[in-house]
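Report on the following structure.
The values are calculated or read from the model by the stated rules, or taken from the named source; none is laboratory data. A quick note: this is a predicted structure, and the numbers were derived from the prediction, not measured. A quick note on method: Cβ atoms are made from the backbone with ideal geometry, for glycine too, and the neighbour counts reach across all protein chains shown.
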Amino acid sequence: MQSTQYSSFWFQEALESEPEIQPRQLETDTTTDVCIVGGGFTGLWTAIQLKMKQPSLDILVIEKDLCGSGASGRNGGCMLTWSTKYLSLKKLYGEAEAIRLVKASEAAVYDIAAFCHAHGIEAQIRLDGTLYTASNQAQLGAMAPVLAALDKQSINAWQSWTKEKVQSESGSEVHLEGHFSSAAGTVQPGLLVRGLKRVAEKMGVTIFEHTPMTAIHRQHTPVRIVTPGATIQAGKVVLALNAWTPSLFPELKHSVVLVSSDMLITEPAPERLSTLGLSDGKSVIDGRTFVHYYRTTPDGRLMLGKGGNYFSFGNKVSAVFDQPSRYQSILGAAFRRFFPALQSVPVATTWTGASDRSATGMPFFGRLADNPSVVYGLGYSGNGVVQSWIGGHILSSMVLEEDNDWTRSGLASGPRGSFPPEPIRWLGAMLVRNAIRRKESAEDGNKTPGWLDKQLSKLAQSAGKSDKG
């Protein structure tokens, strides 16, 4: 077992379940049909989809660390859909495409589970649904507009639960209202991404880890990618770098803002969780802008997370994202509020993940203007476990230049909206974040937030909820 320690509990657990790891590094110049830069969910799903469509393709994946060591191996593991974003989807892409994307995202939950079953990936997938709640009076009724719109199109998978059922099923009396959808689940994301690596290699995909891209000469075809040990010439290139994309490609630096999602996980306490009613794998997400989310694990741990804490200046992927959470006091306060009966259960560890949040709250895919042979995808906005499966369909279709629903989708037309340059972006993010914190703190105490805090908080609504999966 290699000795590197990773801050993510999920990823470290996944590595410890593998036999001796001996990652291959690229040391010899090579050529390939398709080079995928980034070995997380997006890159691996794209490689797998390409191999399923055209088995004869020579596909090479390079990853600067180990596959899954980035956002893919450290998120909350919540398998959620786009159904709650239907109104945003309709505004961005039109009614017909919004309906299609909601249905596709719900189908993807089951497609991922079926893929794992078919290929022997033991990723602790539990299709027990998700529960969206109101955890204070101000959040009551927040889902009503989108549920009415889903009802109108006969695509509403959500059920309204009584307050008593919500509290019983969520394990917390803090929740005052809730809606449940069975089209959701949870997964151990580290096990999933490492499983995808093994499947991709069995399909014939060549993967090199500890092989960062140090330069890309994209003005020519084949594209030339430089790594510390060798050079790659590729007919097509897929940039699956997500949070790392803006720092390497200036044309995309204003398309996302990097923000942390911070998580804690307890030591196993299955009996205590069962006493509270937490006996299955559903996720629970409350109705604030920077959501609280939690779920249990098969061995009886409780994971709780909160998005929207650290905003990176200049979208730099700093050391903060590879360390235990610097917001442990915030996580601890949420844990005590939701679960006063679990205060004696020890916290095993905390960690931090980087989320690339787009201006619309939706991912986007496109081609580099100076070389359409280079395609990219990013901006999952904290909702990428399921959506990266769709990203693999979009990017593989773009690489093969197919004319289908994915290449014609508005998702494949590049970023829609941008953030201002620094330092305005960071200062604005801090202003809005702090206003949201004051507003939601007041609401938790059943107090009326200040007028200015309410107005500033509205600026964050277009990007949707924060990191969960």
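Look at the stretch 341-363: where a residue is at pLDDT 95 or above and a partner is in a loop (DSSP other than H, G, I, E, B) and of a type in the set (Asp, Glu), sitting 6+ places away or on another chain with Cβ atoms under 7 Å, you get Val345/Glu267; Pro346/Glu267; Ala348/Glu267.
In the set Ser318, Ser325, only one residue is more than 27 Å from Ala123 (Cβ to Cβ) and not aliphatic (A, V, I, L, M); that residue is Ser318. Scanning the stretch 164-205 for residues that are surrounded by fewer than 24 Cβ atoms within 10 Å (Cβ to Cβ), within 19 Å of Asp65 (Cβ to Cβ) and either touching an Asp or Glu at 6+ places or on another chain (Cβ under 8 Å) or not assigned by TED's automatic domain parsing to the domain that holds Leu15 (or both) gives a single hit, Gly195. Of all residues in the stretch 359-417, those that are on the phi < 0 side of the Ramachandran plot and part of a loop (DSSP other than H, G, I, E, B) total 23. The numbered conditions (1) more than 19 Å from Gly277 (Cα to Cα); (2) among the β-branched types (Val, Ile, Thr); (3) crowded, with 18+ Cβ neighbours inside 10 Å are all true for Thr297 except (1).
In the list Asp286, Asp299, which residue meets the criterion of being within 21 Å of Thr133 (Cα to Cα), outside the structural domain of Lys439 (by TED's automatic domain parsing) and either within 20 Å of the chain's Cα centre (by Cα) or not hydrophobic (A, V, I, L, M, F, W, C) (or both)? Of the residues listed, the single one that is within 21 Å of Thr133 (Cα to Cα), outside the structural domain of Lys439 (by TED's automatic domain parsing) and either within 20 Å of the chain's Cα centre (by Cα) or not hydrophobic (A, V, I, L, M, F, W, C) (or both) is Asp286. The sole residue among Glu106, Glu20, Glu16 that is modelled with pLDDT of 95 or more and either among the charged types (D, E, K, R) or crowded, with 20+ Cβ neighbours inside 10 Å (or both) is Glu106. Counting only helices (runs of 4 or more DSSP H) that fall entirely inside the stretch 163-269 and contain at least 3 residues that are hydrophobic (A, V, I, L, M, F, W, C), the qualifying elements are 189-202. Residues that are touching a residue at least 60 places away in the same chain (Cβ under 8 Å), within 30 Å of Leu342 (Cα to Cα) and acidic (Asp, Glu) were ranked within the stretch 231-283; the one that is surrounded by the most Cβ atoms within 10 Å (Cβ to Cβ) is Asp262. Criterion first (crowded, with 19+ Cβ neighbours inside 10 Å, touching a residue at least 60 places away in the same chain (Cβ under 8 Å) and closer than 28 Å to Ala359 by Cβ) does Cys35 satisfy it? Criteria not met by Cys35. Among the residues of the stretch 110-163, those identified as hydrophobic (A, V, I, L, M, F, W, C) and within 30 Å of Lys202 (Cβ to Cβ) are Ile112, Ala113, Ala114, Phe115, Cys116, Ala118, Ile121, Ala123, Ile125, Leu127. Residues of the stretch 126-162 that are within 30 Å of Gly68 (Cα to Cα) and either aliphatic (A, V, I, L, M) or in a helix (DSSP H, G or I) (or both): Leu127, Leu131. Restricting attention to the stretch 91-98, does a residue exist that is over 17 Å from the mean Cα position of the chain (by Cα), surrounded by fewer than 23 Cβ atoms within 10 Å (Cβ to Cβ) and under 30 Å from Pro212 (Cβ atoms)? No, because not a single residue in the stretch 91-98 is over 17 Å from the mean Cα position of the chain (by Cα), surrounded by fewer than 23 Cβ atoms within 10 Å (Cβ to Cβ) and under 30 Å from Pro212 (Cβ atoms).
Keeping to the stretch 206-223, report how many residues are farther than 13 Å from Gly43 by Cβ and hydrophobic (A, V, I, L, M, F, W, C). Qualifying residue count for the region: 3. When Phe321 is evaluated against the numbered criteria (1) assigned to a strand (DSSP E or B); (2) touching a residue at least 60 places away in the same chain (Cβ under 8 Å), which criterion, by number, is the only one it fails? Of (1) assigned to a strand (DSSP E or B); (2) touching a residue at least 60 places away in the same chain (Cβ under 8 Å), only one is false for Phe321: (1). Against the conditions (1) in contact with a helix residue (DSSP H, G or I) (Cβ under 8 Å, 6 or more places away or on another chain); (2) buried (at least 22 other Cβ atoms within 10 Å of the Cβ), Arg326 satisfies every one except (2).
Within the stretch 194-215, the set of residues being closer than 21 Å to Leu57 by Cβ and among the polar types (S, T, N, Q) comprises Thr206, Thr211. The residues of the stretch 41-63 that are within 14 Å of Leu241 (Cβ to Cβ) and out of contact with any strand residue (DSSP E or B) (no Cβ under 9 Å at 6 or more places or on another chain) amount to a single one, Phe41. Selection of first residues in the stretch 55-79 that are under 19 Å from Ser17 (Cβ atoms) and of second residues that are aliphatic (A, V, I, L, M) and at pLDDT 95 or above, restricted to Cβ pairs under 6 Å at least 6 apart or on distinct chains, gives the following pairs, ordered by first then second residue: Gly68/Val193; Ser72/Val193; Gly73/Val193; Gly77/Val187.
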